[in-house]
Amino acid sequence: MRVALAADHGGAALKDELIPRLADAGHEIVDLGGDGSDPDDDYPKFARRAGEAVRGGQVERAIVVCGSGVGAAIAANKLRGIRAGVAHDTYSAHQGVEHDDMNVLCLGARVIGSALATELAITFLAARYRDEGRFRRRVAEVAAIEDAEMGPTPADLGALPAEGSRPR
């Protein structure tokens, strides 16, 4: 799977440990930055990069690492179509994908070690969304909340008459 990894200053070291481990597991890695050298490299920038890569189709999924994972999840979830979650246990890492169609995993470098982070990442990437019944309904309900809060998508706007035009 083609997967993006990104990290703020607090998660860069763990991200750098994950990259070769996930590559060894057969994944194609896109490193979206965060080398830890700048203490002002904060999670919103990297969560956005990762979410945009997923949304734009450059990668299938993304992993963002910050201090707790929480800030990265909050920031990534501000992007339309992104379903980010924090997981510090394997059940959440796979269930978030299987039931909730999670496409961005957020990890806390100050909460878990590299062995568990690797296990969580591999579990997340191996999981598949169960596109059926209650799961499909729930994901649609979340998308409806997103649409109500964020307004029409750019594609929806393209279907509207151009500004200044009048209906005939």
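Read-outs throughout are calculated quantities, based only on the coordinates presented, and are distinct from any laboratory measurement. Just so we're clear, the structure is a prediction, and the values are computed from it rather than from any experiment. With ideal geometry, Cβ positions are generated from the backbone for all residues, glycine too; neighbour counts draw on all protein chains shown.
Details
- Theoretical gain in end-to-end length, Ala155 to Ile19 [0.36 nm per residue, Cα-Cα removed]: 45.5 nm
- Each part reduced to its alpha carbon centroid, segment 25-96 and segment 98-115 end up 8 Å apart.
- Computed FRET value (nearest 0.05) for Met1 with Glu119, which takes r as the C-beta separation and R₀ as 22 Å: 0.85
- In percent, rounded to a whole number, the relative contact order of the chain is 21, using alpha-carbon pairs under 8 Å and six or more apart.
- Taking 0.36 nm per residue of separation and subtracting the current Cα-Cα distance, fully stretching the chain between Lys78 and Gln58 would add 5.3 nm.
- Extension gain from Lys45 to His99, taking 0.36 nm per residue of separation minus the Cα-Cα distance: 16.7 nm
- Ala144 versus His88: modelled label distance in nm, points set 7 Å from Cα along the beta carbon direction: 3.4 nm
- Placing unit charges on the Cβ atoms only, positive for Lys and Arg and negative for Asp and Glu, gives segment 2-131 a dipole magnitude near 420 debye about its Cα centre.
- Cα→Cβ-extended label distance, 7 Å offset, between Arg110 and Phe135, nm: 3.4 nm
- Pairwise FRET efficiency - Asp38 versus Arg128, Cβ, R0 = 35 Å, nearest 0.05: 0.45
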